[in-house]
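FYI, it's all coordinate maths here, none of it is from the lab. What you are looking at is a predicted structure, and each value in this text was computed from that prediction instead of being measured. Cβ sites come from the backbone with ideal geometry, for glycine too, and all protein chains shown count toward neighbours.
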Amino acid sequence: MIWAYLYSIVFYASCGVTVVATLLMISRHNAVHALLYLIVSSLSLAIIFYLLGAAFAAALEVIVYAGAVMILFVFVVMMLNQGQRSAALEAAWLPARGWIIPSILAFILLTLLLLGMNSEHPLQPYGVHGVAVKDVGIALFGPYVLVVELASFLLLSGLIGAFHIARKMPSPMDQNTLDEAGNG
Amino acid sequence: MDPLVNSLLNVVLILLCVVFGAALLTWLERRLLGIWQDRYGPNRVGPFGTLQIVADMIKLLMKQDWVPPFADRLVFIVAPAFAMFVVVAAFAVIPMAPGVGIVDLNIGLLFFLAMTSLGVYAVMFGAYASDNKYAMLGGLRAAAQMVSYEVFMGLSLMGVVMLAGTFNLRELVLAQVDGWFIGPQIIGFFIFFMAGIAESHRTPFDLPEAEHELTAGFHTEYSGMKFAMFFIGEYVSVLMSAAMITVLFFGGWLGPHWLPPLAWFLLKTITLVLLMILIRGSLPRPRYDQLMAFGWKFMLPLSLLNLVITGALILI
Amino acid sequence: MQQKTGLVHRGYIVWDYFYSNIVTLVKVASHTFTKADTVEYPEQMPYLAPRFRGRIVLTRDPTGEERCVACNLCASACPTDCISLQKTEDESGRWSAEYFRINFSRCVFCGLCEEACPTYAIQLTQDFELAEYDRQSLVYEKQHLLIDGPGKHPDYNFYEMCGKAVSGRAKGAGSQEAQPVNIKSLLP
Ligand code: SF4
Ligand code: SF4
């Protein structure tokens, strides 16, 4: 019985963390801090997925969203280097207590993670059965095959577009060296 | 024994061993690099210099734990802790022997991939928070490198997953009773090995912290224990890559019965660690564009090829 | 010549790349069995060449007198300006240094001072163990620099060949001196 209670506690707590982190993400002045909250929010979202039995989706949420997409965001923000001035501004906006909340959130998440990883009593929801990787695969290549193919077309066109943009224009210099190599 | 106490003991013991092992690895690496360069390496403090790690630890603890005034304080402090957390958490899913291992997740392999993909945040946020040009360049390099090497790190493992038909690492090991996956998945092994080195950014893929051009890369501004976190985190991730390769390709704890399973696991892991140190001691660091080209133009097609061939062979 | 851009050529490049790296790995690994070149210093003294340039000393004549004549040539030759001295003259006519100071925290042990010295007074020795806890202790005064012997040139005595009247001895009376030339005379 205690595990059922614990399950509810974990579930609602991670829901709370998701909501709060997302709100904070929106309200931050500093882009990097906002991204930090976005990551926290997607991590707690992954825990919710896990609790609902969709372990595969949870893992993908972390690998794809937190692990790849968000990194590109951070990449861009870092490239835009906001510099000393905006950091000073930000320091004025964000007093020292600003770091208390994220650490509390992270602590809650950590606790949840540890609880969720307890293999003696896996936190399975009542009345919902887990979705195995195989089910996901069968669903993707069964009823949803058209959607998958459409998505892959979309990605392919994106890929070709990126390839075209990043194409190396042969400069006159390159042409010369090529000719020399050809003649030599 | 009470199962809760048992599992707690398991957790504490394994994590302690991992962190201690990583610390010892710093000594081992220096000794081995010394031997391969016809030197001795640290051999003064304690027997064979093993207490060098204690000396280093004391030194790092005594150092000023400096946070640059221009740094983003919160992020600057969190980043090294996160670096440590991620690699240690990834260790949680590794099955070392029957009954030894922290958790037995159904999606263990995916959990491992998730944790390694989060590892890049520590580097990037550390770099961003330092507000330093070298750190910034190192962080950008780390981001691009780790994102691209993650792609085929995941892909290279799918062959193993197809052969075993599971993401559970314990079952993956048991699926190798009839033959280790290194045979059919030699390409996958090669790719995963390279990607593992790249993920723990060690030479020859240590461009994020290339000393010769970027001082120390993303941890230029770090000192004292915060630096030590990054440093030990790197060694934990070396151990983790080696342990993961053992589990996935070398049959984990499986082996003839004249050694206990845990010993087999450790033996294989240590051999792989030695190989990684040898690679660090001998190969040059490529240029950054060469690194990217190697990743996208060679490793990615190779891993896709591996995937297709494995799939085809399983089907027929 | 045909341009090599075919798949075969690329394959060859990739093979070459891996082959050379594997050769490197094997070669480095084979050093497991070679002997270390390290000299374990405090227990085992490294070989020091006769002309090794270490701690600087001021030597004395075979007669036991200080050789240094305070000419300042060493100080002006020194690239790091770490020698400082002051000339004084005693009643017998000999010149010597009133104080002579070398700051070893600046000295680079280049040996230019030894080359500049006309009297072989300043010499570099094979002692290199100069470490100190206090930087100020690296400033050596004359009493620290002066040794009792003649150093590398045991028989040399500047005042026996310099053509200067000292200790009541006239010019040209030294054991290795010729009589001064009478410049007013036309005789050979
Ligand atoms: S050895 Fe060179 S640096 Fe040292 S005192 Fe002599 S001239 Fe100066
Ligand atoms: S040590 Fe030699 S060069 Fe230096 S002042 Fe004395 S005589 Fe002159």
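Summary of computed values
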quantity	calculated
Inter-probe distance in nm under a simple model that places probes 7 Å from Cα toward Cβ, at C:VAL39 and C:ALA165	5.3
Residue of B:PRO69, B:PRO260, B:PRO95 that the Gaussian network model of chain B assigns the largest fluctuation, springs spanning Cα pairs under 10 Å	B:PRO69
Residue-averaged [θ]222 nm for chain C, counting only DSSP H segments that reach four residues, each worth -39500 (n - 2.57)	-6000 deg cm²/dmol
Kirkwood Rh (inverse of mean 1/r, distinct Cα pairs), chain C, angstrom	21.7
Spatially proximal aspartates and glutamates relative to C:LYS152 (Cα-Cα < 14 Å; intrachain offsets below 8 disregarded)	C:ASP61, C:GLU114, C:GLU115
Positive minus negative residues near B:THR50 (Lys, Arg vs Asp, Glu; Cβ under 14 Å)	+1
For region B:259-267, Karplus couplings with θ = phi - 60° (6.51, -1.76, 1.60), whole Hz, Gly/Pro x	10, x, x, 4, 5, 4, 4, 5, 4
Cα-based helix-to-principal-axis angle, C:7-30 vs chain C, degrees rounded to 10	50
J(HN,Hα) series, region B:57-63, from Karplus relation 6.51 cos²θ - 1.76 cosθ + 1.60, nearest Hz, glycine and proline x	4, 4, 4, 5, 5, 7, 5
Cβ-based exposure ranking for A:MET78, A:MET169, B:MET146, C:MET45, in which fewest neighbours within 10 Å come first	A:MET169, C:MET45, A:MET78, B:MET146
DSSP bridge pairs, the protein assembly as shown: antiparallel proportion in percent, nearest 5	95
Whichever lysines have a C-alpha closer than 29 Å to that of C:LYS27, once near sequence neighbours (fewer than 8 apart) are set aside	B:LYS268, B:LYS297, C:LYS35
Signed unit charges on C-beta, dipole axis of the protein assembly as shown, positive-most listed residue C:LEU186, B:TYR222, B:LEU239	C:LEU186
Quotient of Cα Rg and 2.2 N^0.38 Å for region B:1-147, N being how many residues it contains	1.28
Packing-based ranking, highest mean first, of B:183-191, B:297-305, C:180-188 given that Cβ atoms within 10 Å are counted	B:183-191, B:297-305, C:180-188
Over chain B, equivalent-ellipsoid semi-axes from the Cα gyration tensor in Å	31, 24, 19
Mean Cβ neighbour count within 10 Å, used as a protection proxy, ranking C:58-66, B:194-202 highest first	B:194-202, C:58-66
Over the protein assembly as shown: Rg over Rh, Cα atoms, Kirkwood Rh	1.15
Charge context of B:SER156, other residues only, Cβ under 13 angstrom, K/R +1, D/E -1	-2
Longest to shortest principal axis, alpha-carbon extents of region C:56-161, angstrom	41, 25, 22
Around B:GLU234: net Lys/Arg minus Asp/Glu count, Cβ-Cβ under 15 Å	-2
Sorted by Cβ neighbour density within 10 Å, fewest at the top, the residues B:LYS226, C:LYS164	C:LYS164, B:LYS226
